[in-house]
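The structure appears below as C-alpha cells.
Just so it is clear, none of the values below were taken in a lab; they were calculated from the coordinates. The model shown is predicted, which means the values in this text are computed figures rather than measured ones. No Cβ is skipped: glycine too gets one built from the backbone with ideal geometry, and neighbour counts run over all protein chains shown.
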Amino acid sequence: MKVIAAMSGGVDSAVAAARAVEAGHEVIGVHLALSSNPQKYRSGARGCCTIEDSHDARRAADVIGIPFYIWDMAEEFHEGVVENFLSEYAAGRTPNPCLRCNEKIKFAAVLDRARALGFDAVVTGHYAQMRETDLGRTMHRAEDPLKDQSYVLAVLNKTQLDGAIFPLGDTHKEEVRKEAKRRGLYVANKPDSHDICFVPSGNNASWLHDRLGTETGPIVDEDGTKLGEHQGAYTYTIGQRRGLNLTVPAEGGVPRYVLKIEPVTNTVVVGVKESLAVTGIVGEKAIWCGPAPESATQYRGFSQVRAHGSPLACTYSTDGESITVALDEPLFGLATGQGLVIYDGDRVVGSATISATL
Amino acid sequence: MSSYFDHAATTPMSKAAIDALNNQISQLGNASSLHTQGRSVRKAVEEARESIARIAGASPSEIVFTGSGTEANNLAIKGFYWKRLGEDSARNVIVISAFEHHAILDPVEWLEEHEGAHVIQVPVTRDGIVDLEALKDIVDHNRAKIAVIAIMHSNNEIGTIQPIKEVVEIAGDIPVHTDAVQSFGKVDFNFDQLSATSATLSAHKVGGPLGVAALILRRGIDVTPILHGGGQERDIRSGTLNAPAIVSFAAAAEDADLHRIQRYSELRAMRRYLIDSIRAVLPDIWVNGDVEPSLPGIANITFPGTESDGLLLLLDAEGIASSTGSACSAGVPRPSHVLLAMGLSERDARSSLRFSLGASNTRSEIDHVASVIESVVDRARAALARQ
C-alpha cells in the first residue's frame with residue numbers, strides 16, 4: 001500500500017514508520033505543523049509543536065530512508081481542537097483534546113488529504129491493535145496495558161479505521177525504545193510527551209485563565225450556602241478535591257469535592273464524596289469502531305471514561321445516536337464532556353461524548 | 001527518471017569548479033601569512049578575486065569575500081544602516097522592494113525590531129517589476145532620512161530583472177544595494193554600469209561550491225563590519241579566507257561567463273518548451289512574471305485549485321524536483337510573499353510552483369513532466385477540494 005506515516009518527532013511514530021517500510025508499504029513521512037507559529041502553543045522540546053520536534057521527525061525519516069514533508073494543519077487544529085477545548089471548558093465540561101485531534105486532524109484532515117493524493121492509509125505510533133475477526137476488521141487494546149491508547153482512538157468510525165495502521169499495538173513500549181536504538185534512531189530515549197501539547201508547562205488552569213478571563217464566582221454546598229470564591233468555574237473539574245480554598249470549614253472535617261459546575265451562574269457546587277456517586281451514564285454522538293450494536297438491546301461490556309481509567313463492568317444499550325450505560329458498581333466523580341468508550345473484552349465497540357450522569 | 005528543476009536553489013558544480021577546488025584544497029597555507037606558503041595561497045585568492053571582479057564589472061579591491069549570500073546581504077544592510085545612522089542620527093529609514101529575498105527582508109525586519117529602523121517597502125507591479133514611480137515618491141519625501149535602498153537585481157522566485165540603473169538615478173547619493181545572486185553569470189550584470197553602491201554574488205548559484213559568496217562594495221565606501229577579528233577583506237569582513245572555495249568560485253564564474261550567451265538562449269527556449277508542454281495538457285495554468293528581461297530558466301506557474309505542497313510531494317514521487325517558495329523555520333510551507341506582493345490572492349499564491357532550469361536539463365525531462373502533470377494536478381485538486 002501507499003501510506004502516509006504521521007511523524008511527531010517522537011520515538012513511537014518513528015518506529016511505526018520504520019515498521020511500515022519493513023511491512024512492504026511505500027511510506028512517506030509527514031510531520032503535522034499544528035501551530036502557524038511553532039512557539040505559540042508551547043516552548044521547550046516536550047510537546048508536538050516545536051521546531052525541535054519537526055527536526056527530530058525529519059532526522060528519523062532520513063534514517064529510515066523515506067521522503068519527508070511538513071503539512072500545515074494549524075488552522076484545522078486551532079478550529080477543531082483548541083477552540084473546542086476552550087468552548088467545552090467555558091460550558092462547564094471537561095474535554096479530552098487528544099480524542100478531538102485523532103477524530104478531526106489525524107484521521108480526518110490528514111487521512112482525507114492522503115486519500116485524495118492517492119494514498120491508502122495513515123500510519124501512526126498509537127498503541128492499539130487492528131485485527132481481522134468474525135466481525136470484520138476490529139480495534140483492540142494494545143499488548144502493553146500501560147501504553148494502551150485504544151481509548152483515544154475510539155472516536156474513529158469504521159471508514160476512518162479502515163485507513164489506519166497501528167504497527168506498535170503488539171509491542172511493549174520498552175521494546176519499542178530498544179528497537180529505535182537498534183535502528184539508529186536517536187529519538188530512542190526521547191521522553192514521552194504528557195499533558196496537553198498546546199498548553200505550556202501543563203498548567204491548564206492558568207492557560208484557561210489567560211484565554212477565558214478571570215471572573216469571580218461563588219463556591220456553594222448542595223443547599224446553596226456559600227463556602228468560598230473561585231476565579232473562574234471552568235478551571236474546576238468534577239471530583240476535584242484539592243485547591244478549593246474554602247473559607248468555611250467542613251463539618252467533622254469530611255473532605256469536600258466538586259460536584260457540579262454551572263457555567264451560566266459561574267457557580268461551583270461542592271459536597272461529600274457520596275454525592276459524586278454515578279451509576280448511570282448517557283453519551284451522545286455515538287461512533288462505532290466496528291459493527292454497530294442493535295438498537296434497544298441490552299449488552300454486557302465495560303465502560304471506560306478516562307484515557308488511563310479502569311474498565312468498569314456495565315450493561316449498555318443504544319438507540320443508534322446515544323449510548324446509555326448502567327454501571328455494576330458506582331463511580332465517584334465523572335465530568336460531562338469526557339469520552340465514554342465501550343469495550344467488549346479487549347475489543348473497542350464504540351464511543352460517545354458524556355452528556356449526563358445519573 | 002530523476003529530473004532536477006530547482007537550479008535556483010542550487011545548481012551542480014561545473015567540472016572546472018570541482019577541479020579547481022580539488023587542486024587548491026591540498027595546498028597548505030593561510031592567505032594572511034607572510035611566508036612562502038601564505039603568499040602562494042594569497043596569490044591564488046587574488047587571481048580569483050581579479051577574475052570575479054572582471055566578470056562582474058568591478059575592480060578587484062571592490063570584492064569582499066563572505067561565507068554566504070545571506071552574510072553578504074546582512075553586511076550590506078546592517079553595515080550601511082549603522083554606518084549612515086552613526087553619521088546622521090536622522091537616517092533611520094531603509095527602503096526595500098516588497099519582494100526581496102528573506103536574506104534582505106529578515107535583517108531589515110530585525111533592524112526594525114531591535115535597532116530603531118523604519119522600513120518602507122516599494123510596491124511591485126503585477127508583472128513583478130519594482131514600481132519606480134512609487135520609489136521616486138518615497139525617496140522625494142524621505143531623502144534626508146534614508147540610510148540605504150535595497151532592490152534585488154533579479155527576483156529568485158519569478159525571475160524578473162529589476163531596473164537597477166533607474167533606481168540608482170532616483171537614489172542620487174543614497175547607497176543602493178542590489179542582491180544579484182540569481183543574475184551573476186546568467187544574465188548581463190555589470191556593477192560599474194549599474195552604478196550601484198554594493199551587490200551580492202554567490203558561488204553555488206553559478207556552479208561553484210557552497211559556503212562562499214561576495215559583497216561587491218564600491219571603492220572608498222565603508223560599512224560597519226559585523227565580524228571583527230583578523231582584519232581580512234579591507235577590515236570589513238574578518239575571518240581566514242576560504243581559499244579553495246574562492247578559487248573554485250572564480251573557476252565557476254569563468255565557466256558561466258564563457259557560456260553565458262549561449263546558455264541563456266538555450267535555457268530560455270527550454271523554459272518556453274516547459275510552459276507550452278504543461279499548458280497543452282492544463283490550459284488554465286498561468287505564468288507569473290512572464291516578461292522580458294528575465295532570468296532564462298525560471299518558470300513560476302500557478303495551478304489553480306491546488307496546494308503547491310501537494311503538487312511538490314507528488315512530483316517528487318515521480319522523480320521531479322521543484323520548489324514552493326519559502327518555508328518558515330519549522331518547515332511549514334507559506335504562501336510566497338513575492339506572489340502576494342505582485343497582487344496574487346493567498347489562494348493563488350498557495351497554488352504556485354517554481355521550476356528553475358539549468359544546463360543539465362533536457363527536453364526528455366520536460367516531456368516526463370508533461371506526461372505526469374495532469375494526474376498530479378488532478379490529485380492535488382482533489383486534496384484541496386476535500387478540505
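Values computed for the structure shown
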quantity	calculated
Surface/4 estimate of mean projected area, convex hull on alpha-carbon atoms of segment B:9-69, nm²	5.2
Helix A:173-182 axis, angle to chain A major axis (alpha carbon atoms, nearest 10°)	30
Residue-count net charge about residue B:18 - beta-carbon cut-off 14 Å; Lys, Arg +1, Asp, Glu -1	-2
DSSP loop trypsin sites (Lys or Arg not before Pro) with at most 12 other Cβ within 10 Å: longest gap in chain B	B:220-387
Contact order normalised by residue count of segment B:121-187, Cα under 8 Å, 6+ apart, percent	33
Electrostatic dipole magnitude of segment B:148-207 [Cβ: Lys, Arg +1; Asp, Glu -1; Cα centre; debye, to 20]	220
Distance histogram for the protein assembly as shown (every C-alpha pair counted, 10 angstrom bins, percent rounded to whole numbers)	3, 12, 18, 19, 17, 13, 9, 6, 2, 0
Segment B:159-215 - percent relative contact order, Cα under 8 Å, separation 6 or more	32
For chain B, alpha-carbon Rg relative to the globular expectation (2.2 N^0.38 Å, N residues)	1.01
Contact order relative to length of chain B, as percent, for alpha carbon pairs under 8 angstrom and 6 or more apart	23
Most fluctuating residue given options A:235, A:216, A:138, as computed from a GNM of chain A linking Cα atoms under 10 Å	A:216
Sum of -39500 (n - 2.57) over DSSP H runs of 4+, divided by residues of the protein assembly as shown (222 nm, nearest 500)	-10000 deg cm²/dmol
Between 0 and 90°, nearest 10: helix B:15-25 axis offset from chain B longest Cα axis	40
As computed over segment B:132-195, the Cα convex hull volume per residue (Å³)	84
Qualifying lysines (Cα of each under 29 Å from Cα of residue B:43; at least 8 residues distant if same chain)	B:15, B:186, B:205
For the protein assembly as shown, share of DSSP beta bridges that run antiparallel, in % to the nearest 5	65
Candidates B:293, B:175, B:244, ranked by Gaussian network fluctuation over chain B, Cα under 10 Å, top entry	B:293
Net length gained if the chain between residue A:210 and residue A:162 were fully extended (0.36 nm per residue, minus Cα distance)	13.3 nm
Charge dipole magnitude, Cβ of K and R +1, D and E -1 - chain B, Cα centre, debye nearest 20	600
Exposure proxy order (Cβ contacts within 10 Å, fewest to most) of B:141, A:140	B:141, A:140
Note, ³J(HN,Hα) from phi for segment A:352-358, Karplus 6.51, -1.76, 1.60, rounded to Hz, x at Gly and Pro	7, 8, 5, 10, 7, 10, 10
Sorted by Cβ density within 10 Å, fewest first, the residues A:131, A:347, A:19	A:131, A:347, A:19
Spatially proximal lysines relative to residue A:260 (Cα-Cα < 19 Å; intrachain offsets below 8 disregarded)	A:226, A:273
Choice from A:309, A:290, A:169 with maximal GNM fluctuation in chain A (Cα, 10 Å cutoff)	A:309
Degrees, to the nearest 10: B:308-317 long Cα axis against longest axis of chain B	80
Local net charge near residue A:230, Cβ-Cβ under 15 Å (Lys/Arg +1, Asp/Glu -1)	+1
Beta bridges by DSSP in chain A, antiparallel share as percent, to the nearest 5	75
Sequence-distant residues sharing a close amide H with residue B:148 (under 5 Å, placed H)	B:95
Set A:104/A:285; B:83/B:145; A:104/A:158; A:104/A:173; A:2/A:106; B:78/B:145 screened for pairs whose C-alpha atoms are more than 19 Å apart	A:104/A:173
Pairwise FRET efficiency - residue A:135 versus residue A:23, Cβ, R0 = 22 Å, nearest 0.05	0.40
Test item: Cα-centred dipole of the protein assembly as shown, Lys/Arg +1 and Asp/Glu -1 on Cβ, debye	1260
Which of B:82, A:288, B:110, A:71 has the fewest Cβ neighbours within 10 Å, and the rest in rising order	B:110, B:82, A:288, A:71
Residue A:310 versus residue A:246: modelled label distance in nm, points set 7 Å from Cα along the beta carbon direction	2.6
Binned Cα-Cα distances of chain A, short to long, each 20 Å bin given as a whole percent	28, 55, 17, 0
